[in-house]
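*Asks:* Encoded as structure tokens, here's the structure I'll be asking about.
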């Protein structure tokens, strides 16, 4: 393993940000509900789950973006590409292909939008009016991670 930067952030014209965050992308799990000993919702599994580590990584890197310069009627365009580590038995010709398997893409996106909201990149994820997302298997020698691009859509 070489020395790789944690993330690369590129600031384009006003209101445009692009970033690559290395690591194995994880989806947001669905909460479970229990009535014993009292009604409550919880996420199953261990306390230090892989999705929590991925969420923390997103938060750490998103802090460098700062808050998006949004006016009252502005919207946000979000483009996300998840590069997933392929299973060991996957043929080399399938690397770089779209991933048509579980977990669902919307669960990956939900985790990203929740963390961007939590850090304060935008006030609420309801400002995202345009979404473009896909998940791909990593090519040979490619680092798993996530490409993230945010753009403020100004409206007259």
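*Asks:* Please name all residue pairs, on different chains or six or more residues apart, with Cβ atoms under 8 Å, provided the first residue is in region 86-98 and is over 14 Å from residue 143 (Cα atoms) and the second residue is at pLDDT below 80 and exposed (fewer than 12 other Cβ atoms within 10 Å of the Cβ).
*Replies:* Partner pairs satisfying both residue conditions: none exist.
*Asks:* Read through the list (1) under 15 Å from residue 119 (Cα atoms); (2) in contact with a strand residue (DSSP E or B) (Cβ under 8 Å, 6 or more places away or on another chain); (3) at pLDDT below 85, then give the number of the only condition that residue 70 fails.
*Replies:* If we test residue 70 against (1) under 15 Å from residue 119 (Cα atoms); (2) in contact with a strand residue (DSSP E or B) (Cβ under 8 Å, 6 or more places away or on another chain); (3) at pLDDT below 85, just (1) comes out false.
*Asks:* Is there a residue being more than 18 Å from residue 15 (Cβ to Cβ) and within 12 Å of the chain's Cα centre (by Cα) anywhere in region 63-80?
*Replies:* Checking region 63-80: not a single residue is more than 18 Å from residue 15 (Cβ to Cβ) and within 12 Å of the chain's Cα centre (by Cα).
*Asks:* Tally up the residues in region 56-112 that are within 21 Å of residue 27 (Cα to Cα) and not in a loop (DSSP other than H, G, I, E, B), please.
*Replies:* 24
*Asks:* Please tell me if residue 29 is in contact (Cβ under 8 Å) with a residue 60 or more places away in the chain and out of contact with any strand residue (DSSP E or B) (no Cβ under 8 Å at 6 or more places or on another chain).
*Replies:* yes
*Asks:* Okay, next question. Output the residues belonging to region 123-138 that are under 12 Å from residue 108 (Cα atoms) and surrounded by fewer than 18 Cβ atoms within 10 Å (Cβ to Cβ).
*Replies:* Listed by number, the residues that qualify are 133, 134.
The values are calculated or read from the model by the stated rules, or taken from the named source; none is laboratory data. What you are looking at is a predicted structure, and each value in this text was computed from that prediction instead of being measured. Positions of Cβ are backbone-derived with ideal geometry, glycine not excepted, and every protein chain shown enters the neighbour counts.
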